[in-house]
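Taking it in order: structure first as structure tokens, then the write-up.
The values are calculated or read from the model by the stated rules, or taken from the named source; none is laboratory data. Everything quoted here is computed from the prediction, not taken from an experiment. Here the Cβ positions follow ideal geometry from the backbone for every residue, glycine too, while neighbour counts run over all protein chains shown.
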Amino acid sequence: MNEEEIAFRNEVRQFIKENLTAKLRRAGTNMTSVFADYDCALEWHKILHRKGWSAPEWPEEHGGTGWSPNKQYIFQRELKLANAPALMALGIQMLGPILMHYGTEQQKSDYLPRILSGEDIWCQGYSEPGAGSDLASLSTRAERDGDDYVVNGSKIWTSFAHRANKIFCLVRTATEGRPQAGISFLLADMNLTGITISEITGLDGTVEQCQVFFNDVRIPSANLVGEENEGWGVAKYLLEFERGGHNYSNDHQKLLAKVRDISGEQFSNNGLLYKDDPFFVSKLAELEIDALALEITEQRIKSSDNPGALTSVAKLVGTELGQKITELSVDALGAYIAPLQSEALEIDYAGTVIGPSNAVTTSAEYINMRASTIYGGSAEIQRNIIARAVLGLR
Amino acid sequence: MSLDSNQKLTDEQQMLSDMVSKYLSETYDFDSRRKIANGPVSVAPPHWKQFAEMGWLAMPFDESDGGFNGGPKEISILFEAFGKHLVLEPYLETILLGGGALSFGPEDIRRQYLPAIIAGDLQCAFAHHEPNHTAERYYVGTTALQSKDSWQLNGVKSIVSNAPHSGLLVLTARIKGRKHDSDGIGLFVVDKNVRGVHCDDYLTIDGRRASEITLNEVEVERGALLTVDAGQLDTLLDRACFAVCAEAVGAMSALISMTIDYCQQRKQFGQSIGSFQALQHRMVDMYIASELSHSLLIATTNAIANASDDRHRLLAALKFRVDRSAREISYGAIQMHGGIAMTDEFKVGHYFKRLTVISKQFGNANFQLERYRHYNVHNNHS
Ligand SMILES: Cc1cc2nc3c(=O)[nH]c(=O)nc-3n(C[C@H](O)[C@H](O)[C@H](O)COP(=O)(O)OP(=O)(O)OC[C@H]3O[C@@H](n4cnc5c(N)ncnc54)[C@H](O)[C@@H]3O)c2cc1C
């Protein structure tokens, strides 16, 4: 870090100190998936927005900061280590860049400021019961009728559809040719007539995903992003952001810190605290080395004009390493994996917690972390991409 | 080590196996189980009385105590089936641990409690682990002080499975020595409703119920001490360890068949996902992991049945291998099912949660490694 960056880091720290309330910090601490408590995420979004920091990576003309990649990295890390709650990311990280690239002037001026301010929260309607990894086989139909598209079908695993007010989705507008050729990208209000939601309870007992049903939903054709039948290209552009936009090494630092905390409270089978147990400590060091290697890889991605392949590597290593770190946490947690303490994750919970201080989040996090190699392009699909596109194996 | 001769089930064992599979396949549907698992805490799994009527609860007890003298083979038949069907009923806690400990007691105690246990009218919990020390086998900070004709118990017990539905607690308390010593630990039977026992009840991720228990000047009579023999405590814990290994083997084989079925049915890119070689290889590895555990289960069952010197080493190997295999198989099963595996409505994740809990019970992987090395050296020298 050069002097300017150190000054910048101090500025960020000062801002955090003044603005990240205990409640918001708690929302960050209690995260057990990529999502934080929804209301706290919105509150923090608005605070960041007032400072002009809600979408630092956006270009300045759209309300971003113009920070160097290093500064963005520092910013993200400081937030993460201070346990700031994650923002609802889909608008900022995915739809924003898409609209800047493909949107009409009207769409940009309608939507971008509202993403920036947190007035609109977007969910992503891609996956369907029959179309997961093979997204191009999606079958939710959109038929042109005057100035509207009439949409029928259903989307599944839509994260936070029960809270978001907007959805961007992929729909089928043509059935001829390659499956990819007949897909369009549409924006919709969640409160349109004909949209219904059924909540899906996750393995940890909470609701984050939903199934969204479209029954003769009329979406104005002005909500089409890009050309009709060219939504696949739009989505692929977006998927690169989903994979490349995230710094896993920040998450890993937080997860590793948690392992260290637990290992200072829990005793190993040999009667030593885990942190003094040579076997455990060397396992931890192995994971730290992987985390270090990934951190440097992420820096390579940021400083490269054409990161391409490395973003798939980062997603793959980032998620699988996250799983290994929580697995080690759970090894130290031992039998305290068992108590189900969902209520202790609520923001205003004031009761006691069973087990070491991090038991509550670690147990749910370990379970939820299995999803990270499924969503956003499964580990298998990532490997297929690397094999084909990078290694040239066909 | 010859296996073939010992692998065959006797007629009685075959009957037991058929009966258990039939009963559980017909009655133990996943949705009803899920409703129980999700709470509230006060609701108990409903099949306990039927288990009693079918004679399963009597299985491991001595004939003189009203039991059927069942050995490790019978236990593994029951527990493999429990694992396959994700059974929530507290056989481990009430019969193997609670009932097992009571069997060490004097005759009047056995007469007092065992008939009600075998009849399914009385449930038990085994309160051994203490806060932050759950990975240690002998850590007992709870104290037992003797006065004229009673004991006074003081301490804290953590994650006591089935305590919310138990009338009896069997608990460990230290009579002498330091907190980590294997000697000087007494096994006591305590009526859960006596003064000074305080329970905080909760659900666990594998659909069971457990409590944090505080013992504050709990007075019990002299006869409440069942044994102070460290060997008997080991026998009890080893038997429980063995049973959860059999349960895990059942759960793993269920996960593998579910995954194979799913991969054959689920189509992406115009073909069944089971046709992708990456998934085929992963399923093969899961199958191998399961068979390795199964082999060790068979060998351990025989070694225990024959009271072979090698039984401790084999049990450590088995539990270690089960931990490894359980991780590999649950992770693989979830991954290959995709999004649906992450939902409460779908079975796969519940097997994962149960297997995760089992991995940490009755000796984690490191404990088993150390034990294995200990007995390995021991065996090589003899
Ligand atoms: C927590 C969570 C949040 C999510 N949030 C959203 C969201 O907000 N919006 C949204 O649209 N979707 C979301 N998803 C859906 C996610 O994108 C899909 O689950 C994912 O695309 C996988 O699809 P699937 O679940 O149908 O699994 P499938 O595609 O059926 O895959 C099953 C298995 O087969 C493997 N497989 C498939 N094809 C191949 C192949 N060619 N070679 C080798 N292996 C293969 C997969 O890797 C996987 O292991 C979310 C999912 C989860 C779990």
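With more than 24 Å from A:L333 (Cβ to Cβ) and touching a strand residue (DSSP E or B) at 6+ places or on another chain (Cβ under 8 Å) as the only criterion, which of B:A163, B:A230 stands out?
B:A230
Need pairs with beta-carbon distance below 6 Å; first residue hydroxyl-bearing (S, T, Y) and within region B:264-277, second more than 9 Å from the ligand (Cβ to nearest atom); sequence gap 6+ or separate chains.
If the second residue must be more than 9 Å from the ligand (Cβ to nearest atom), the pairs left are B:S272/B:Q264.
Among the residues of region B:1-41, count how many are of a type in the set (V, I, T) and modelled with pLDDT under 95.
Number satisfying all stated conditions: 1.
List pairs: first in region A:336-362 and farther than 20 Å from B:A135 by Cβ and free of Cβ contacts under 8 Å to residues at least 12 places away in the same chain, second surrounded by fewer than 21 Cβ atoms within 10 Å (Cβ to Cβ) and among the acidic types (D, E), Cβ under 7 Å, 6+ apart or cross-chain?
A:Y349/A:E343
Quick one: how many residues across region B:42-87 are over 24 Å from B:F104 (Cα atoms) and not in a helix (DSSP H, G or I)?
9
Which count do you get for residues in region A:29-46 that are crowded, with 19+ Cβ neighbours inside 10 Å and closer than 23 Å to A:G64 by Cα?
Within region A:29-46, residues that are crowded, with 19+ Cβ neighbours inside 10 Å and closer than 23 Å to A:G64 by Cα number 6.
Any idea which residue in region A:80-90 is surrounded by the fewest Cβ atoms within 10 Å (Cβ to Cβ), counting only those that are within 16 Å of the ligand (Cβ to nearest atom) and at pLDDT 95 or above?
A:A86
Quick one: A:R26 ticks every box in (1) over 24 Å from A:S159 (Cβ atoms); (2) touching a Cys at 6+ places or on another chain (Cβ under 9 Å) bar one, so which box is it?
Result: A:R26 passes all but (1).
Hey, could you check region A:107-153 for residues that are of a type in the set (S, T, Y) and under 22 Å from B:R266 (Cβ atoms) and say which is surrounded by the fewest Cβ atoms within 10 Å (Cβ to Cβ)?
That would be A:S139.
Considering only region A:230-237, I want to know if a residue exists there that is within 24 Å of A:Y38 (Cα to Cα) and more than 14 Å from chain B (Cβ to nearest Cβ).
no
Quickly run through region B:178-217 and pick out the residues that are more than 20 Å from the chain's Cα centre (by Cα), crowded, with 21+ Cβ neighbours inside 10 Å and of a type in the set (G, A, S).
If the condition is that a residue be more than 20 Å from the chain's Cα centre (by Cα), crowded, with 21+ Cβ neighbours inside 10 Å and of a type in the set (G, A, S), then B:G186 is the only one that fits.
Given (1) within 14 Å of chain A (Cβ to nearest Cβ); (2) in contact with a Gly (Cβ under 7 Å, 6 or more places away or on another chain), identify the lone condition not met by B:A173.
Single failed check for B:A173: (1).
May I ask you to list pairs of residues, at least six apart or on different chains, whose Cβ atoms are under 7 Å apart, with the first in region A:273-295 being closer than 22 Å to A:S249 by Cα and the second being among the aromatic types (F, W, Y) and surrounded by 13 or more Cβ atoms within 10 Å (Cβ to Cβ)?
A:F280/A:Y274; A:L294/A:Y248
If B:P164 satisfies all but one of (1) more than 14 Å from chain A (Cβ to nearest Cβ); (2) farther than 30 Å from B:L369 by Cα; (3) of a type outside the set (A, V, I, L, M), what's the number of the condition it fails?
The one condition B:P164 does not meet is (1).
Kindly indicate the residue of region B:333-353 that is more than 16 Å from B:D31 (Cα to Cα) and more than 8 Å from chain A (Cβ to nearest Cβ) and also nearest to the ligand (Cβ to nearest atom) among those meeting that condition.
B:M336
Would you point out the residue of region A:340-353, among those that are assigned to a loop (DSSP other than H, G, I, E, B) and polar (S, T, N, Q), that is farthest from the ligand (Cβ to nearest atom)?
Per the criteria, the residue is A:T352.
What are the residues in region B:112-137 that are within 14 Å of chain A (Cβ to nearest Cβ), of a type outside the set (D, E, K, R) and closer than 26 Å to B:F61 by Cβ, if any? Don't jump to the end; show me each part of the working.
As a first pass, look at region B:112-137 and keep what is within 14 Å of chain A (Cβ to nearest Cβ): B:125-137.
Then keep just the ones that are of a type outside the set (D, E, K, R); that gives B:125-129, B:131-135.
Matches in region B:112-137: B:A125, B:F126, B:A127, B:H128, B:H129.
Being within 16 Å of the ligand (Cβ to nearest atom) and either outside the structural domain of A:A257 (by TED's automatic domain parsing) or farther than 22 Å from B:G363 by Cβ (or both): is that true of A:G322 here?
Spelling it out, A:G322 is indeed within 16 Å of the ligand (Cβ to nearest atom) and either outside the structural domain of A:A257 (by TED's automatic domain parsing) or farther than 22 Å from B:G363 by Cβ (or both).
Taking only region A:93-104 into account, find how many residues are among the aliphatic types (A, V, I, L, M) and touching an Asp or Glu at 6+ places or on another chain (Cβ under 8 Å).
So the answer is 1.
The rows are residues; the columns are (1) assigned to a helix (DSSP H, G or I); (2) out of contact with any strand residue (DSSP E or B) (no Cβ under 9 Å at 6 or more places or on another chain); (3) within 14 Å of chain B (Cβ to nearest Cβ).
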residue: A:N269; (1), (2), (3): no, yes, yes
residue: A:L284; (1), (2), (3): yes, yes, yes
residue: A:A291; (1), (2), (3): yes, yes, no
residue: A:L294; (1), (2), (3): yes, yes, no
residue: A:T297; (1), (2), (3): yes, yes, no
residue: A:R300; (1), (2), (3): yes, yes, no
residue: A:V313; (1), (2), (3): yes, yes, no
residue: A:V330; (1), (2), (3): yes, yes, yes
residue: A:G355; (1), (2), (3): no, no, yes
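Looking at region A:193-200, is at least one residue within 14 Å of chain B (Cβ to nearest Cβ) and buried (at least 21 other Cβ atoms within 10 Å of the Cβ)?
Step one: list which residues in region A:193-200 are within 14 Å of chain B (Cβ to nearest Cβ), which gives A:198-200.
Checking which are buried (at least 21 other Cβ atoms within 10 Å of the Cβ) leaves us with A:200.
Yes; the residues of region A:193-200 include at least one that is within 14 Å of chain B (Cβ to nearest Cβ) and buried (at least 21 other Cβ atoms within 10 Å of the Cβ).
How about region A:102-147: which of its residues are among the aromatic types (F, W, Y) and over 21 Å from A:G91 (Cβ atoms)? Break it down stepwise before answering.
So in region A:102-147, the residues among the aromatic types (F, W, Y) come out as A:102, A:111, A:122, A:126.
Within region A:102-147, none qualify.
Could you say which residue among A:K166, A:K155 is under 19 Å from the mean Cα position of the chain (by Cα), within 14 Å of another protein chain (Cβ to nearest Cβ) and within 14 Å of the ligand (Cβ to nearest atom)?
Just a single option satisfies the conditions, and that option is A:K155.
Determine whether B:R327 is within 12 Å of chain A (Cβ to nearest Cβ), within 22 Å of the chain's Cα centre (by Cα), over 17 Å from B:R137 (Cβ atoms) and part of a helix (DSSP H, G or I).
Yes.
Can you tell which of A:I381, A:I386 is within 14 Å of the ligand (Cβ to nearest atom), hydrophobic (A, V, I, L, M, F, W, C) and within 11 Å of chain B (Cβ to nearest Cβ)?
Values: A:I386 fails: within 11 Å of chain B (Cβ to nearest Cβ).
Going through A:I381, A:I386 in turn, just one is within 14 Å of the ligand (Cβ to nearest atom), hydrophobic (A, V, I, L, M, F, W, C) and within 11 Å of chain B (Cβ to nearest Cβ): A:I381.
When region A:102-142 is examined, which residues are found to be within 14 Å of chain B (Cβ to nearest Cβ) and hydrophobic (A, V, I, L, M, F, W, C)?
Of everything in region A:102-142, those that are within 14 Å of chain B (Cβ to nearest Cβ) and hydrophobic (A, V, I, L, M, F, W, C) turn out to be A:A131, A:L135, A:A136, A:L138.
Can you find a residue that is touching a residue at least 24 places away in the same chain (Cβ under 8 Å) and over 23 Å from the mean Cα position of the chain (by Cα) anywhere in region B:156-177? Working first, answer last.
Going residue by residue through region B:156-177, those that are touching a residue at least 24 places away in the same chain (Cβ under 8 Å) are B:156-175.
Right, trim to over 23 Å from the mean Cα position of the chain (by Cα) and you get B:174-175.
Yes, region B:156-177 contains a residue that is touching a residue at least 24 places away in the same chain (Cβ under 8 Å) and over 23 Å from the mean Cα position of the chain (by Cα).
If I filter region A:357-371 down to residues being more than 10 Å from every other protein chain (Cβ to nearest Cβ) and within 30 Å of A:P129 (Cβ to Cβ), which single residue comes out as farthest from the ligand (Cβ to nearest atom)?
So the residue we want is A:E365.
Would you point out which residue out of B:A101, B:A119, B:A173, B:A135 is of a type in the set (G, A, S) and under 30 Å from B:V348 (Cα atoms)?
So the residue among B:A101, B:A119, B:A173, B:A135 that is of a type in the set (G, A, S) and under 30 Å from B:V348 (Cα atoms) is B:A135.
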